[in-house]
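Below: the structure, in structure tokens.
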Amino acid sequence: MIDAMDSDPIQRLIAHLTQLPGIGEKTATRLTMHILAGQKEFARALAKSLEDVADQVRLCSQCCTFTVRDPCVICSDDNRDDSIICLVARPQDIDAIERTGQFHGRYHVLHGLLSPLDGIGPEDLKIGEFLTRLRQTPIKEVILATSPSIEGEATAMYVANLLKPLGVEVTRIAAGMPIGGELEYSDSMTVGRALQDRRAMR
Amino acid sequence: MVLTGWRRFPEATIELTAGLNVFHGANGQGKTNFLEAVYYLANLSSFRTRRRGELITWGRREASISGWIVADTGSTVLSVSLDRSSRTVTRGGMNSSSLLSYYGCLSVVLFAPNQVRLVGGPPIIRRRFLDRAVLRRLPDHVVLLRDYNKMLKSRNVSLKGKDVDLAEVYGRQMASLAGRIVGRRRTLVNQLGEGFESLYRDVTGTDERVSLRYRCSWCPQDTVDEGEIGGSFLETLPRRLDLDRQRGYTTIGPQFDDLEFLIDGRPAGPYASQGQARSIAMTAVLVEHDLLSVRGNSPVLLVDDLSSELDERRRRSFLDRLSGLSGQVLMTSTESVMDRDGRIFLVEGGSIHPEAERPVTEQLSGTSETVQVE
């Protein structure tokens, strides 16, 4: 880890930035130099933003997403449908679904997917919180909206098994051809899945 | 083809012919090293070592291989240079960022002395042969295998952690993937069967009947139906749960399956003679060559040390087959005698000279820098 006592603040900042995903030493150095060359106000504002994020953001006590206000905006919105919960892996997945404007229920964020090979088991996800929530409020339907990757499928299957005794309806988001996609340019896994999950025309 | 700092070749420039090329010389002169270079250019891995340092000429810091690839669809130059820690690959003089597009440029099939292990060796060698062959037709097979292995490891970790619920989830995912993997392997075995039998007769000149049988570790029914095979996996898994938990790993699956060669109905593994085993291995190489030949482009066949493997009669009939192949053949041999059309090279102390035009002076250094690898 980073030596906090490193006397050179420039090296320290570079070292911190390289801890972020997708940022190597080159990019970290470039960002650091950019910050140094710019206005001091920007650097201070950036530091303040980081501090605020660390101090003020917590997990929503209902849906476990990142929020400043507890419960979060969605959980405290009285106009939403309480009887349907959409289960997602990460907070940013909520934004993706909200952008569609087609879902008006509640959410729950797992904060990851099951991955025993990386040491991530059920107890490392917000599954316990989800089950507690389901016992407290009557729910009609749970939509499992983890991605159609093998990890996403495994996590959905695991949660579905846990929900069986509760008697709620459990649905899974569909996978297949992308809208506007050309069949001939699609990879065979996607087309295969689309064939598997085909539906009758009505 | 240009080699620098590769194994026993500090510098070598060779012009190959589109048909048969024979490399002869005493042992330890670098014949196999040359085939290895062509193999490396195609697959970016060696069939002899996993240590990159061994590929570089002693005392040198860098090795490079370049080959001019001539195909019906156009020609291009592939080259790869490596030192102990890095490797650079170019195609047509441009850095190749995507290895997937590089791999398709040059395909090779290898027949080396240890190929006989296809018959007597462990099942993994035969599974790899099958999966490689499936892959030629269905490139996404590699994704199925990768996903299956991931689910298998996840289930095993769950079994060790005594989490039966989690193990059950991964078992279900394994079932559908296993169904597809085995369905594809069996379909291929069925398709290969007939061709394999007649090719084997051609190669050996006998009327022995060779057949192939896929042995699935859980599904005895000889079906190619992916749903049925996957379903059978799902039925078997709970019955093995106690055993699996005890051992801490999954005891069935495509990773335990085997491909059986039968000669006149008897399993070749325990019963085949050395000669029969070699003939089967040879047939398998020809079958793989055939699978790789698409749209008029054939793979390059690399044959290492035929004489150590085959008796005179089998060698002759194999050579007959090779002459009939459409693609390029590169072959090493300890003898120079050959009564077939082709180019002969003498490999001696790290240099390669065409036999017919063996130079007195350094005539070769002035010739074309490239070689045809069709």
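Between the residues A:CYS86, A:LEU134, A:HIS104, the greatest Cα displacement towards the positive end of the dipole of segment A:66-172, with unit charges on the Cβ of Lys, Arg, Asp and Glu, is found for A:LEU134. By the rule of a second cysteine Cβ within less than 4.7 angstrom, chain B holds isolated cysteines at B:CYS105.
I need the shape label for the protein assembly as shown. Rule: rounded when a/c is under 1.5, else prolate if a/b > b/c, else oblate, with a, b, c from the alpha carbon gyration tensor. Oblate.
Reported to two decimal places, what Rg/Rh ratio describes segment A:1-143 when computed on Cα atoms with Rh from the Kirkwood expression? Show your work: numbers first, answer last.
Working: Rg = 19.8 Å, Rh = 18.2 Å.
The Rg/Rh ratio comes out at 1.08.
Carbon-plus-sulfur accessible fraction, chain B (probe radius 1.4 Å, protein heavy atoms only): 47%.
For B:LYS162 and B:TYR271, calculate 0.36 nm times their separation in residues minus their Cα-Cα distance, and state this gained length in nm to one decimal.
Numbers: separation 109, 0.36 × 109 = 39.24 nm, distance 4.27 nm.
Net length gain for the segment: 35.0 nm.
Once the gyration tensor of the Cα atoms in segment B:126-263 is diagonalised, the equivalent ellipsoid follows with semi-axes of 32, 15, 12 Å, ordered largest first.
Rounded to the nearest 10 degrees, the angle from helix A:40-56 to the longest Cα principal axis of chain A is 40 degrees.
What FRET efficiency would be calculated for the residue pair A:GLU123, A:ASP70, taking the C-beta separation as r and a Förster radius of 25 Å, to the nearest 0.05? Please list the in-between numbers first.
Numbers: r = 23 Å, r/R0 = 0.92.
In this case the efficiency is close to 0.60.
Computed about its Cα centre, the charge dipole of segment A:66-172 is approximately 200 debye, with only Lys, Arg, Asp and Glu carrying charge at their Cβ. Computed over the alpha carbons of segment A:120-200, Rg followed by Dmax gives 15.7, 49 Å. With all projection directions averaged, the alpha carbon convex hull of chain B covers 20.8 nm². Over both sides of the B-A contact, add up the buried accessible area with a 1.4 Å probe and give it to the nearest 100 Å². So the total buried area for this chain pair works out to about 1500 Å². Calculated accessible area for chain B comes out at 47 Å² per residue, all protein chains present (probe 1.4 Å; ligands, DNA, RNA ignored). Interface burial in segment A:110-146, defined as at least 30 Å² less accessible area with all protein chains than with the chain alone at a 1.4 Å probe, covers A:PRO116, A:LEU117. Of all lysines in the structure, the ones whose alpha carbon falls short of 24 Å from that of B:LYS150, not counting any fewer than 8 places away in one chain, are A:LYS126, B:LYS160, B:LYS162. Averaging Cα coordinates gives a centre for segment B:112-140 and one for segment B:258-337; these two points are 14 Å apart. Dipole magnitude for the protein assembly as shown: computed about the Cα centre from +1 point charges on Lys and Arg Cβ and -1 point charges on Asp and Glu Cβ, it is near 780 debye.
Nearest 0.05, what FRET efficiency do B:ILE125 and B:ARG60 give at R0 = 41 Å with Cβ-Cβ as r?
The computed FRET efficiency comes out at 0.75.
Projected label points at B:LEU241 and B:PHE47, each 7 Å from Cα along the beta carbon direction, are separated by 4.6 nanometres. Summed over qualifying helices (DSSP H, 4 residues or more, each -39500 (n - 2.57)) and divided by its residue number, chain A shows a 222 nm mean residue ellipticity of -12500 deg cm²/dmol. Summary value for segment A:66-172: 27 percent relative contact order, contacts being C-alpha pairs under 8 angstrom separated by 6+ residues. The modelled label-to-label distance between A:ARG198 and B:ASN297, using points 7 Å beyond Cα along the C-beta direction, is 3.2 nm. More than 27 Å apart: what percent of Cα pairs in segment B:1-157 qualify? Within segment B:1-157, distances greater than 27 Å cover 35 percent of Cα pairs. With coordinates expressed along the principal axes, the C-alpha atoms belonging to segment A:66-172 extend over 40, 29, 24 Å, beginning with the largest. Under the simplified labelling scheme, the A:SER149-B:VAL224 pair shows an inter-label distance of 3.4 nm, with each label point 7 Å from Cα along Cα→Cβ.
Along the charge dipole of segment B:203-360, which of B:THR251, B:TYR214, B:LEU310 sits closest to the positive end, that is, farthest toward it, with unit charges on the beta carbon of Lys, Arg, Asp and Glu (+1, +1, -1, -1)? Selected residue: B:THR251.
Report, to the nearest 10°, how far helix B:164-204 tilts away from the longest principal axis of the Cα atoms in chain B, using its own Cα long axis and a range of 0 to 90°. The angle comes out at about 50 degrees.
Calculated FRET efficiency, A:SER188 and A:MET33, Cβ-Cβ r, R0 51 Å, to nearest 0.05?
Details: r = 45 Å, r/R0 = 0.89.
For R0 = 51 Å, the calculated efficiency reads 0.65.
The 3J(HN,Hα) values that the Karplus relation (6.51, -1.76, 1.60; θ = phi - 60°) gives for segment A:94-99 are, in residue order, 4, 4, 4, 6, 4, 4 Hz. Gly and Pro appear as x. The angle between the Cα long axis of helix B:226-247 and the main principal axis of chain B comes to about 80°, on a 0 to 90 degree scale.
Give me the inter-chain shielding for B:130-140: mean count of other chain Cβ atoms within 10 Å, whole number please.
On the way: counts 0, 0, 0, 0, 0, 0, 0, 0, 1, 2, 6.
Mean inter-chain Cβ contacts per residue within 10 Å come to 1.
State to the nearest 20 debye the size of the charge dipole of segment B:117-271 about its Cα centre, where the only charges are +1 on K and R beta carbons and -1 on D and E beta carbons.
With Lys and Arg at +1 and Asp and Glu at -1, about 660 debye.
Along the charge dipole of segment B:128-181, pointing to its positive end and built from +1/-1 on Cβ of Lys, Arg, Asp and Glu, which listed residue (B:LEU166, B:LEU144, B:LEU130) has its Cα farthest out? The one lying farthest along the dipole's positive direction is B:LEU130.
The values are calculated or read from the model by the stated rules, or taken from the named source; none is laboratory data. The structure displayed is predicted, hence computed values, not measured ones. All Cβ positions, even for glycine, are placed from backbone atoms using ideal geometry, and neighbour counts span all protein chains on display. We work out accessible area using only protein heavy atoms, side chains counted, and drop any ligands, DNA or RNA first. Shrake-Rupley method; radii C 1.70, N 1.55, O 1.52, S 1.80 Å.
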